[in-house]
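Below: the structure, in structure tokens.
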Amino acid sequence: MRKAPEQTPPSGRRKAAAAPVAEKPRVALVLQGGGALGAYQAGVYQALHEHDFTPDWVVGTSIGAINAALIAGNPRETRIERLREFWETVAHPDLLDLRTVPDTLRPWATRLTTMDTFLRGTPGFFRPRPLNAFALGLPVPPEEASFYSTAELEQTLSRLVDFDYLNGQSGIRMTVSAVKVSCGTLVNFDSREQALGPQHVLASGALPPGFAPVRVEGELYWDGGLYSNTPLEAVLNDTPRTNLVCLMVDLWHADGPEPRTLEEVVTREKDVTFASRSQRHIDAYLQQYRLRRAAHDLYQRLPRELLTQQDRQMMAELDADTTIHIVRLAYAGRDWNMASKDVNFARGSVRWRWEQGYQDALRGIALSQEDSFGQSEAGIVVHDLPSGQTHVAAG
């Protein structure tokens with residue numbers, strides 16, 4: 001497994017004494033976009049599911065939105081079955097059994113399988129558009145401005161996801177993000193705020209120019225990963241604030257070697273583009289956290305007789321002293337540094353990623369059993385896995 005990089009805490013951070021949690025924290029699962037790499041996320045959820053660590057809220061972008069819908073849109077007893085059915089449907093048969101060929105042949109066999117996916121698409125997900133005027137540079141309707149059609153994915157979602165259950169009272173909360181094409185604004189579609197359907201999930205995964213934008217309520221949307229591929233900000237900005245354990249699944253590597261070939265350049269470009277920007281969001285949350293605490297302290301110093309009802313209400317809101325624990329699970333696979341690793345739907349690769357996600361999530365669960373998620377004055381506590389290292393972002 002790849003060891004997660006150590007992070008140097010910014011100046012001013014300090015470890016605060018932990019206090020017992022007054023109530024059980026909510027659990028949020030945050031899922032990046034990453035195409036075929038998303039099988040890792042399915043394995044993570046299976047481990048959580050089997051150990052009764054089911055999230056209360058799942059937040060996703062692109063393939064993360066698809067996995068989120070499969071989780072939130074099914075009763076507990078059928079979730080793993082639906083996830084497996086989806087990934088077995090979209091998995092491409094291996095041209096060679098990778099278990100029976102030498103190591104030197106495995107990358108080439110995988111590249112051939114991936115090339116076949118580029119040429120023919122993958123069942124239940126996307127197919128090349130026949131006689132495609134868009135590919136020739138000619139104007140087409142915006143909903144057809146892509147190389148591939150995702151009509152089969154819409155059918156797959158309608159078959160495997162119970163959207164009535166997802167939008168009902170008993171379902172897990174789901175949030176998926178997409179970018180408004182007309183202005184580049186990131187929009188979060190949240191089942192707590194509106195009824196969600198297949199079009200919201202399709203919009204979250206409409207990565208151009210491969211996939212066309214999806215129209216939702218009159219507006220065209222592209223993949224949320226164009227703006228932010230890790231939708232952590234939706235979790236950090238959620239109100240009302242409560243104690244929260246956030247499991248964040250990273251599929252891309254921010255760190256990597258200096259590229260020397262075209263393949264390596266494209267691989268690094270993708271990793272840099274889609275890697276998590278979580279530290280930026282964490283730092284912004286910490287700044288807000290410090291301002292809230294400072295404002296609350298100032299209110300406390302005012303004479304009671306000067307406080308209005310509005311002041312008292314503001315004090316109560318500022319006094320919500322909550323802790324967010326972020327557990328970062330990183331996909332360790334490098335996929336032979338293939339630029340097309342996110343299109344590698346080879347069945348052997350899909351199953352391997354699923355197993356890696358399962359094993360890595362077990363480490364996160366072991367952390368929870370050590371009672372590491374207590375309340376702290378820090379504001380945010382970050383646990384990096386699979387390295388097992390923890391640092392505290394203090395307020």
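Here are some notes:
- Angle between the chain longest axis and helix 39-50 axis [Cα atoms, degrees, rounded to 10]: 50
- Gaussian network model of the chain, Cα within-10 Å springs - most flexible of ALA339, ALA178, ALA151: ALA151
- Per-residue ellipticity at 222 nm from helix content only, as computed over the chain with -39500 (n - 2.57) for each DSSP H run of at least four residues, stands at -11500 deg cm²/dmol.
- Cα centroid of the range 86-122 to Cα centroid of the range 134-186, whole Å: 26
- Nearest-ten-degree value, helix 79-90 long axis tilted from longest Cα axis of the chain: 30
- Stretching ASP103 away from GLN310 to a fully extended chain increases their span by 67.7 nm, per 0.36 nm per residue minus the current alpha-carbon distance.
- Sorted largest first by accessible area at a 1.4 angstrom probe radius, with every protein chain in place, the residues TYR148, TYR227 fall in the order TYR227, TYR148.
- As a rough guide to protection, the peptides 232-245, 35-48, 126-139, 349-362 ranked by mean Cβ packing within 10 Å, highest first, stand as 35-48, 349-362, 232-245, 126-139.
- Spread over its residues, the convex hull of the C-alpha atoms of the chain is 162 Å³ per residue.
The values are calculated or read from the model by the stated rules, or taken from the named source; none is laboratory data. Values in this document were obtained by computation on a predicted structure and should not be read as measured data. Please note: Cβ atoms are built from the backbone with ideal geometry, for glycine as well, and neighbour counts cover all protein chains shown. When the accessible area is computed, the model is the full protein with side chains, heavy atoms only, and any ligands, DNA or RNA have been set aside. Shrake-Rupley method; radii C 1.70, N 1.55, O 1.52, S 1.80 Å.
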